Every structure is written in structure tokens, then in C-alpha cells.
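Below is one structure, written out as C-alpha cells; comments come after it.
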Amino acid sequence: MIYLLSFSLCLFSFNCFALAKFNHFKDVFKKRPTELQHKQLLALAWISILLSLAICVETQSGYGALLFCGFMSLSVLIITIFYNLLTRLVKVFSVLNAVLITVSGLFLALN
Amino acid sequence: MKDSFFRSMTWLHTWVGLLTCWIIYTIFFAGTASFFRDEINLWNQPAIHNVQAQTDRVAAQRLQIIKGFDYLNQHAANSPSWRITLPEERIPYLVYGYAKPKEPEQRRSQFVNTQLNPNTMQALPPFVETKGGNFFYRLHYQLYYLDAITGRWVVCFASFFMLLAIISGVVIHKRIFKDMFSFRRNKGVRSWLDAHNLSSVLALPFHLMITYTGIITLIFMLFPYPALTTYDNGIRGFFNDVSPSNNVTNKALGSAAMLPINTILDQVYTKWPDADIRSVRVSEPNMAASTVTVLVDPGKALRDQTPRLLFSGATGELVAQSDDELTNSKALYESLNAMHTGRFATPLLRWLYVLGGIAGCVMIATGCIMWAKRIRERSKGKASFGLQLVEGLNLATIMGLPLATCSFFIANRLLSPTLSGRDDKEVTAFFLAWLVAGVIALIKRDKLQWRIMAAINALACLSVPLVNALTTNGNIVSYLMHKQWALFIFDALFLLFSILFLVQTEKLRTAENAQRKTKSKPVVKPVRSKL
């Protein structure tokens, strides 16, 4: 479950990075993001990527940083596929991503 | 040098990339396969397909070692050395081995191994001769049909070039981070550039890490001078100094009965109560000078060398041990090595390494294809010898390596188990198939040849699980039913690659038809008005 949490945080982060780009935001929401939205998305992206890194290093010690690099690669690949081939599913995907973070976070908090 | 920094970097990126891209592709390809070295070994040995992983693996180790000592005492009391290799998560069987006395011309002793099912402690059917995953591992760092040292030097230089190409690539592809998630389809060379950028950037930390640490793994060959000037016996002296357990020579004379191994194991478990023992090695058994080395799993620690304890076999006294706390320089070297090999990585991390390796292969392949396409566009149909050579090598390497790999596995199943030198014949099958791809590329390198190679690869990939099903007792369905995940994933991956090559064949056919239509369309000259 800890893997799921750190990976979904990493995925969420790159999703936010992608949405913070004007062209991708426009592809998904059919309008340009405001300056405030752009900044908020970037802040969210940085917070979640740092959280993901912290969880990986804290729980996996030596191999944590490597695991984090792997999660980044996988996240970029998934995000690229969604934003280029499955654009209409990005909203659903983003919701699922948020659900995954919540469920895995809650599971770890309660156990 | 070019007139600006950017142009110099572009020149550097192009040429260091182009000069070594095929060899780097081979190194990346073999390295990626090597992450599954144990799984390939498993698939290549049908005798161990049905050995179930032990549920109480660590708890059973003490008894397995004691039984191993009894067995070896009975069968090889006078052997120069014994080796007990315990089952691991990815290697399900137990091995009791002893060395035959060395012949005068032999560099290393030949081992006689007895493989056992750890659940029943019964001997397994005889193993077939195969290089398995070790072939890809050796191909990765010292190539093949070359002297080992020469091969390693070639790999080192190629790695240097790769490192330069990555760094200069980050400089010249200015928009890689801006266009990070962009891929424009069906846009000719632009699409190839996007694929090149995307595969580079998505695993950029991995590419940098694996290339840099790859050079570090061979650093003492590349840069031996500090050791050569400090130690009388050079690198050997240096290694003996940093690893005291390498250098223990027990000078006691005469024979002496081995101390019960339980006494030594008690000491091991006192030091490491949860020790997961990898292997036990005994030199000079039943002699006063005998030593017993116990190697344990390092767990999550980022180190390449397994922690070990070394005892006197006759007295049970602890003679030497690996460092519990590594010095900073040792820790750095060990961790960089461990990062490269990923030897103790979890299955998830191993898959992520493979993803990085595949991204590396795609990065190199798209880079060299893109170069050839650009030059062909510029040359307007007149292909120079250089361009033809690059196109030929592209086709032979990119499409030839998957074919060669399939041939290696098909040969493993089709060659007679009793054939002598069987393992070398598997390797010959690998290189012969690669040669066939080279010959096809030599004849012509158009879309048609790419399509033919894609179709052959699709067929070859499909053949691997099929031939396996026909020649062994298992198949992809039975592996799934019996939860033999390593074997199931192996076969499933080949089926997936077969589908991907089929898709490629179809895409190339469509592109070829479109090209033919464009060529056959009559050029309509504009009619000049006479008015």
C-alpha cells in the first residue's frame, strides 16, 4: 500500500505539471488556465512530488531514491499516453488518481 | 569546434551518438534482459520449472546446511572446496557442490553440482547445459567473441560516449522539459524527434545513473594507477587490503576433522539473528587449514558485496568478516555498484529498471533512425555510402537483436539435452540469427525490409512460447493455473512482443502503400495560359 501511495502521489504530481501547461489545460478544459490556477497547479505538483520522494526514501531506505526515479518514469509515460491519445479520459483519470491517493493514505493511516 | 556553444553541442551529440549507437543499443538491450537473469535461468532449465518456492525458506536454512555438510562429507571428503548454495526468492532450488582437483592447465576448478528440490530434499533431474541469463549479462559488459578485457574496454568507451551524448542531448534539446508530455503522431521526422525526446526525458535520471554507474563498475580497470603506485601487487593488493576476508590464508598443516557446522551457524545467528544465508563456502575441507565462509543477504542496504563471516573450519574461530560499517569511499563505491546491478532490488523496482532500460533502447533506436531519415530527406534520393551503412546497421541491430534473442530461446528448447557443448550452440544460434538480419540489411534497407524483419520477429516471438509448450510439460495456461508467475510472464512477454511486431508490420504496410500511391500519381504540370 505504501508503494501505491507514493506512486499515486508521483502520478498526481506529473498530472498537475501537465495541467499547468497552457496547451494541455486547454485540451482538457477547453479554456486557458488563469495565472492563479497555473501557480496552484505547480505548487500542488511540487508538494506531491516531494511527498512521494520522502515516502520512498523513508520506507525503502537505500533503494528508495531509485524507486522514486522509476515511479517518475512510469508516471511520465502514463501521463503522456493520456494527454496525447486519451485526452477525453484525463478528467476521469485525474479523479481516479485522487481516489487512489485518498484510499491508500487512509488505509495506511488506519492500520 | 563550431562557432557557437549550441552548435558545438549539437555536433558532439550527433557524432558521439551516431558512432556508438549500435553498440550502446546492444549493451542496453542485453543489460535490460540481465535484470531478469535469474528468471531467464529458470526458463532455460525445465528441470526446475515445477520446484515450488519454499514457504519457510529462511527457517529451513540451518537444516539444509547441516544436511549439505553430511552429503559433501560422504561424497567429496577430499575435495579442495565445497559450496552450498541455498534457495532464494528467485532461485528456488538448493545446490550442493564440490570442486574436482584442478588439472595443470585449468585456471579454475570444475565443480560437480547436485541440485535438490528444497521441499522434498530429492535430487532434481539432470540440468541441461545452458548459459541462460548469464549470456546476456556477459554480453552486456564484455561483449562476445572478444577477449574479456578488450570487450570491457570497448564497453567502457561506448559508455563514455553515451554519457557525453546524454549531457549534450539535454543541452541541445532545449524544449525537452517544456514539451515533456507532448508526442505529435504522423508528423514524419518530427514524430521521431518527439519519441526520441520523450524516451530520453521520461527516464533521464535512470539513463544518467545507469551510464555513470556502469563506468564506475569498471573504474579499477579504467583507472588503476593509484593502486598500481601504492601496492606492490597492484590491484590485487588493493582489493586484499580493502576486503580482508579475501586475503585470509590459514597456514595450519595436516588434516583435521571439520567442526560440526552447527557451532559456526550458532555464531552467525548470534551476530545476525534474522540472517538470510545465501551460501556457505568451504575451502580445504577436513584439513587443519580449512575455512568456512558464510554469506548473508544484505537486505535493503544499498551494497553490492554480500556481508560475510569467515571461520576456521577446524576450530570454529572467527577469522575475518566484512565491514559492518563501510568507510565513506567504500560505501560510495558499493552503493554505485549496487545501483547499477539492482541485484537486491524488489520485483517492483526490477520492473522499473526494465522500463528504464526499454526507454533507453527506444531513445537510442529513435535517435539513429531519425539521423538517417533527416540525411535521406536532405540527399533527395541519392544515398551516400555512409547513409547506406547507417541504415543497414539500424535495420540489422534494431530488428536483428530481438530475432537473435528469440533464436537463443528456441535453440534452448530444440537442441538435444545430451548434446555436448549445447550452451555454446545456443549462443551460435543467437549470432547466426543476427547474421541473417545483417544479410537482409545488406541487400536493401527500404520499408519492405523493415516490414519483412518485423514479420519475422512477430513469428519468432510467437514461436518461443509455442516451442516451449511443445517441448516441455508446461505452457502459458498451465503456468497461469499453477501460479508460476516468472514462467507465465516470460511467455506472456513474448506474446506481447509478437503482437507489437505484428502491429509494426501492418503500420509499415500501410506506409508503404501510401508511398507507392504517391510515387505512381502522375505529376500534373500547370497549364500555362496562352492568353
_Among residues of region B:146-166, those that are in contact with a helix residue (DSSP H, G or I) (Cβ under 8 Å, 6 or more places away or on another chain) and without any contact (Cβ under 8 Å) to a residue 40 or more places away in the chain, counted_ = 3
*Could you tell me which of the residues A:PHE7, A:PHE71, A:PHE12, A:PHE29 is over 23 Å from B:ARG350 (Cα atoms) and not small (Gly, Ala, Ser)?*
A:PHE29
*Taking into account only those residues within region B:298-325 that are within 14 Å of chain A (Cβ to nearest Cβ) and either in a helix (DSSP H, G or I) or at pLDDT 80 or above (or both), which is farthest from the chain's Cα centre (by Cα)?*
B:PRO307
*State which residue pairs qualify: first residue without any contact (Cβ under 8 Å) to a residue 40 or more places away in the chain and inside region B:180-193, second residue surrounded by fewer than 16 Cβ atoms within 10 Å (Cβ to Cβ) and not in a loop (DSSP other than H, G, I, E, B) in any location, beta carbons under 9 Å apart, and separation of 6 or more residues or different chains.*
B:SER182/A:ASN23; B:PHE183/A:ILE81; B:PHE183/A:LEU85; B:PHE183/B:SER191; B:ARG184/B:ARG190; B:ARG184/B:SER191; B:ARG185/A:LEU85; B:ARG185/B:SER191
*Does region B:136-158 contain any residue that is surrounded by fewer than 17 Cβ atoms within 10 Å (Cβ to Cβ), part of a strand (DSSP E or B) and at pLDDT 90 or above?*
no
_Selected residue [crowded, with 19+ Cβ neighbours inside 10 Å, part of a loop (DSSP other than H, G, I, E, B) and away from every other protein chain (no Cβ under 14 Å)] from B:PRO273, B:PRO285_ = B:PRO285
*asked:* Test of understanding: among B:LEU336, B:LEU352, which residue is in a helix (DSSP H, G or I), in contact with a Cys (Cβ under 8 Å, 6 or more places away or on another chain), farther than 22 Å from B:LEU19 by Cβ and within 14 Å of chain A (Cβ to nearest Cβ)?
replied: B:LEU352
*Is one or more of the residues making up region A:29-39 touching a residue at least 60 places away in the same chain (Cβ under 8 Å), of a type in the set (Asp, Glu) and over 23 Å from B:LEU355 (Cβ atoms)?*
no
_If I go through region B:193-232 residue by residue, how many of them are farther than 27 Å from A:CYS10 by Cβ and over 18 Å from the mean Cα position of the chain (by Cα)?_
14
_Based on this model, can you work out whether A:SER75 counts as of a type in the set (Gly, Ala, Ser), within 11 Å of chain B (Cβ to nearest Cβ) and in contact (Cβ under 8 Å) with a residue 12 or more places away in the chain?_
yes
*asked:* Suppose we filter A:ASN23, A:ASN84, A:ASN15, A:ASN97 for residues that are part of a helix (DSSP H, G or I), polar (S, T, N, Q) and more than 14 Å from every other protein chain (Cβ to nearest Cβ); which single one remains?
replied: A:ASN97
_Consider region B:272-315. How many of its residues are in contact with a Phe, Trp or Tyr (Cβ under 7 Å, 6 or more places away or on another chain) and among the small types (Gly, Ala, Ser)?_
1
_Please go through (1) in the same structural domain as B:MET287 (by TED's automatic domain parsing); (2) over 25 Å from B:VAL296 (Cα atoms) for B:ARG108 and return the number of the only condition it doesn't satisfy._
(2)
*Please give the helices (runs of 4 or more DSSP H) falling wholly within region B:193-256 in which 3 or more residues are at pLDDT 90 or above.*
B:204-217
*Here are some conditions: (1) over 24 Å from B:ARG62 (Cβ atoms); (2) touching a Pro at 6+ places or on another chain (Cβ under 8 Å); (3) among the small types (Gly, Ala, Ser). B:ALA331 meets all but one. Which one does it not meet?*
(2)
*What's the number of the condition B:ARG184 fails, among (1) more than 25 Å from B:VAL354 (Cβ to Cβ); (2) under 25 Å from the mean Cα position of the chain (by Cα); (3) facing chain A (nearest Cβ under 10 Å)?*
(2)
*Mind listing whichever residues of region B:308-322 are touching a residue at least 12 places away in the same chain (Cβ under 8 Å) and either surrounded by fewer than 17 Cβ atoms within 10 Å (Cβ to Cβ) or over 27 Å from B:THR291 (Cα atoms) (or both)?*
B:THR315, B:LEU318, B:ALA320, B:GLN321
_Residue list for region B:457-492, filter: touching a helix residue (DSSP H, G or I) at 6+ places or on another chain (Cβ under 7 Å) and either outside any helix (DSSP H, G or I) or outside the structural domain of B:GLY400 (by TED's automatic domain parsing) (or both)_ = B:THR472, B:GLY474, B:ASN475
*asked:* So, in region B:36-89, how many residues would count as being touching a Pro at 6+ places or on another chain (Cβ under 6 Å), in a strand (DSSP E or B) and over 22 Å from B:GLU129 (Cα atoms)?
replied: 0
*Among residues belonging to region A:23-53 that are farther than 21 Å from A:LEU86 by Cβ and of a type in the set (S, T, N, Q), point out the one that is farthest from the chain's Cα centre (by Cα).*
A:THR34
*Does B:GLU325 count as of a type in the set (Asp, Glu) and in contact (Cβ under 8 Å) with a residue 40 or more places away in the chain?*
no
_Residues that are within 12 Å of chain B (Cβ to nearest Cβ) and either in contact with a His (Cβ under 9 Å, 6 or more places away or on another chain) or touching a residue at least 40 places away in the same chain (Cβ under 8 Å) (or both), drawn from region A:54-72_ = A:CYS56, A:THR59, A:LEU67, A:PHE68, A:PHE71, A:MET72
_Here is a list: B:LEU218, B:LEU204. Which entry is closer than 28 Å to B:ARG350 by Cα, of a type in the set (A, V, I, L, M, F, W, C), crowded, with 17+ Cβ neighbours inside 10 Å and assigned by TED's automatic domain parsing to the domain that holds B:PHE28?_
B:LEU204
*asked:* Contact list please: Cβ distance under 8 Å, first residue in region B:339-357 and outside the structural domain of B:PHE36 (by TED's automatic domain parsing), second residue of a type in the set (Gly, Ala, Ser) and not in a helix (DSSP H, G or I), pairs at least six apart or on different chains.
replied: none
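The values are calculated or read from the model by the stated rules, or taken from the named source; none is laboratory data. Owing to the predicted nature of the structure, the values given are computational and were not obtained by experimental measurement. So basically every Cβ, Gly included, is an ideal-geometry build from the backbone, and we count neighbours across all protein chains shown.
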